[in-house]
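In what follows, a structure is listed as structure tokens, so that the remarks can point back to it.
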Amino acid sequence: LRGDGHFLLKVRGDSMKGAGIHHKDLVLVKKEEKADGGEIVAAYLNGEAAVKRYQTKKGKITLQPENSAYAPILITPEKYPDFRILGKVKAVIRIF
């Protein structure tokens, strides 16, 4: 990797398979604290990292999976007091 400001996460599960991100893939994340609606992000919530599509509407934040078997995650301070965006997903690495 060139420079700093990036990290890799290993994906667990199939909640993002519709976006081409599969179980055991690695995602390259550029560290950023903000995202625009529609971008795929790595977010921190309840002590874990999650890779989801970031959505905002009327000041409400939703993390949207790309698999209809999973429900969207509505971010509220009560349920996810430690929520923060870790960064934006820039690439997917699939190891066979």
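Show the residue pairs meeting these rules: Cβ distance below 7 Å; 6+ apart or different chains; first residue within the stretch 74-86 and within 14 Å of T62 (Cβ to Cβ) and among the hydrophobic types (A, V, I, L, M, F, W, C); second residue part of a loop (DSSP other than H, G, I, E, B) and open to solvent by less than 40 Å² (accessible area, probe 1.4 Å).
Partner pairs satisfying both residue conditions: I85/A35.
Of everything in the stretch 49-79 that's of a type in the set (D, E, K, R) and under 9 Å from the mean Cα position of the chain (by Cα), which residue is farthest from G13 (Cα to Cα)?
Per the criteria, the residue is R53.
Only residues in the stretch 37-55 that are over 14 Å from M16 (Cβ atoms) count as the first member; pair them with residues that are aromatic (F, W, Y), Cβ under 6 angstrom, at least 6 apart or cross-chain, and list the lot.
L45/Y80; L45/F83
List the strands (runs of 3 or more DSSP E) inside the stretch 1-90, counting only whole elements, that have at least 1 residues being open to solvent by 60 Å² or more (accessible area, probe 1.4 Å) and not hydroxyl-bearing (S, T, Y).
6-10, 26-31, 48-57, 60-64, 73-75
Cβ-Cβ distance below 8 Å, separation of 6 or more or different chains: which pairs start in the stretch 57-69 with a residue that is touching a residue at least 40 places away in the same chain (Cβ under 8 Å) and farther than 14 Å from F83 by Cβ and end on one that is open to solvent by 50 Å² or more (accessible area, probe 1.4 Å) and part of a strand (DSSP E or B)?
Note: pairs meeting the criteria are P65/R53; E66/R53.
The values are calculated or read from the model by the stated rules, or taken from the named source; none is laboratory data. Just so you know, these numbers come straight off a predicted model, no measurement behind them. A quick note on method: Cβ atoms are made from the backbone with ideal geometry, for glycine too, and the neighbour counts reach across all protein chains shown. When the accessible area is computed, the model is the full protein with side chains, heavy atoms only, and any ligands, DNA or RNA have been set aside. Shrake-Rupley method; radii C 1.70, N 1.55, O 1.52, S 1.80 Å.
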